[in-house]
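I have placed the structure first, in the form of structure tokens, so that the comments after it can refer back to it.
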Amino acid sequence: MKFLIDNWMLISVALASGGMLLWPTIQGGGAGALTSALAVQLINRERAVVVDISEPEEFAQGHIGGARNVPLSQLEQRLPEVVKNKTLPVILVCATGARAGRAAATAKRLGYEKAQALAGGLKSWKEANLPVEKA
């Protein structure tokens, strides 16, 4: 007990740094976020379906090639129509990745176990110099 009292500051610094190291894992773990490079591998190797959950106006300004547009507000109704095979990986994309995390959780609830959100969204896709289509 004397050790804890004498070294309380060192212990608090160790706990705080450990928490900061674990935070990205805790934050991104629930959504199943993946990088642009891993997304390309899923698309090429496992025929992953890319679903852009942006609004139609955002989708028209630019999207990943071959992506299907299903706005987040319509995801529960339209995802089963757009992606019939629930065993295929589903990559959910939005502008920055913020909405895609919620969409991945919704897709998993609908039975798409391999649903993942693209970390950083379309912004990170563009930063990786990957192709973007415009409607």
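Within the stretch 93-113, identify whether any single residue is at positive phi and surrounded by fewer than 20 Cβ atoms within 10 Å (Cβ to Cβ), and answer yes or no. Don't jump to the end; show me each part of the working.
Applying the first criterion (at positive phi) to the stretch 93-113 yields 97, 111.
Still in the running and surrounded by fewer than 20 Cβ atoms within 10 Å (Cβ to Cβ): 111.
For the stretch 93-113, residues at positive phi and surrounded by fewer than 20 Cβ atoms within 10 Å (Cβ to Cβ): present.
Which of (1) in a loop (DSSP other than H, G, I, E, B); (2) in contact (Cβ under 8 Å) with a residue 60 or more places away in the chain does V40 not meet, given it meets every other one?
With respect to (1) in a loop (DSSP other than H, G, I, E, B); (2) in contact (Cβ under 8 Å) with a residue 60 or more places away in the chain, V40 is out only on (1).
Which of the residues belonging to the stretch 44-64 are touching a strand residue (DSSP E or B) at 6+ places or on another chain (Cβ under 7 Å) and closer than 18 Å to L130 by Cα?
Result: A48, V49, V50, V51, D52, F59, G62, H63, I64.
Could we say that V13 is aliphatic (A, V, I, L, M), free of Cβ contacts under 8 Å to residues at least 40 places away in the same chain and touching a helix residue (DSSP H, G or I) at 6+ places or on another chain (Cβ under 9 Å) here?
Values: aliphatic (A, V, I, L, M): yes; free of Cβ contacts under 8 Å to residues at least 40 places away in the same chain: yes; touching a helix residue (DSSP H, G or I) at 6+ places or on another chain (Cβ under 9 Å): no.
The answer is no for V13.
What do you reckon, is Q27 at pLDDT 95 or above and assigned to a helix (DSSP H, G or I)? It would help to see each step written out before you state the result.
Numbers: at pLDDT 95 or above: no; assigned to a helix (DSSP H, G or I): yes.
No; evaluated as a whole, the condition is false for this residue.
Go through the residues of the stretch 77-88 one by one and say whether even a single one is surrounded by 14 or more Cβ atoms within 10 Å (Cβ to Cβ) and free of Cβ contacts under 8 Å to residues at least 12 places away in the same chain.
Among the residues of the stretch 77-88, at least one is surrounded by 14 or more Cβ atoms within 10 Å (Cβ to Cβ) and free of Cβ contacts under 8 Å to residues at least 12 places away in the same chain, which makes the answer yes.
Counting just the residues of the stretch 85-135 that are in a loop (DSSP other than H, G, I, E, B) and β-branched (V, I, T), which one comes out nearest to A48 (Cα to Cα)? Outline the logic, then answer.
Of the residues in the stretch 85-135, the ones in a loop (DSSP other than H, G, I, E, B) are 85-89, 94-97, 110-114, 119-120, 128-131, 134-135.
Still in the running and β-branched (V, I, T): 87, 96.
On the way: T87: 10, T96: 20 Å.
Per the stated criteria, the residue is T87.
The values are calculated or read from the model by the stated rules, or taken from the named source; none is laboratory data. In this text the structure is predicted, and so the values were computed from the model without any measurement. Ideal geometry is used to build each Cβ from the backbone, glycine not excepted, and the neighbour counts take in all protein chains shown.
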